[in-house]
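Written below as structure tokens is the structure these notes are about.
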Amino acid sequence: MDTKGIDQMLSLLQASSVAAKGRGGEAPGSAAAGTDFAQVLQTSIAQVSQTQQQAEAMAANFAAGNGTENLHEVMIALQKANISFQEMIQVRNKLVSAYHDVMNMQV
């Protein structure tokens with residue numbers, strides 16, 4: 001499973017946390033190390049979507065008898081798609097939790 005996008009997002013969050021502790025007067029919205037958080041998130045979502053579409057296409061071809069896919073290849077692709085989707089859900093849950101924590105902070 002390709003987790004490059006998720007790993008980039010997590011490293012960006014860690015770098016932002018370290019940078020936020022170290023800087024006092026800089027703008028909080030500036031990106032750490034030139035990485036755009038929105039772009040990393042969008043790329044990760046696109047990869048998950050692509051994985052799911054490929055797995056669904058393999059399953060449809062296997063069910064129709066049109067493809068050369070074996071049952072085990074189709075099942076592996078479906079499980080990869082499921083795991084990547086579950087991973088994205090967990091990242092979303094962490095982002096929502098962080099958002100709620102920030103919103104509940106007293107200024």
(message) So for the stretch 50-70 (the condition being in a helix (DSSP H, G or I), touching a residue at least 24 places away in the same chain (Cβ under 8 Å), over 22 Å from S11 (Cβ atoms) and hydrophobic (A, V, I, L, M, F, W, C)), does at least one residue qualify?
(response) yes
(message) Can you tell me which condition F37 does not meet? The list is (1) over 13 Å from the mean Cα position of the chain (by Cα); (2) at pLDDT below 95, and all the others hold.
(response) (1)
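The values are calculated or read from the model by the stated rules, or taken from the named source; none is laboratory data. These numbers come from a predicted model, not from an experiment. So basically every Cβ, Gly included, is an ideal-geometry build from the backbone, and we count neighbours across all protein chains shown.
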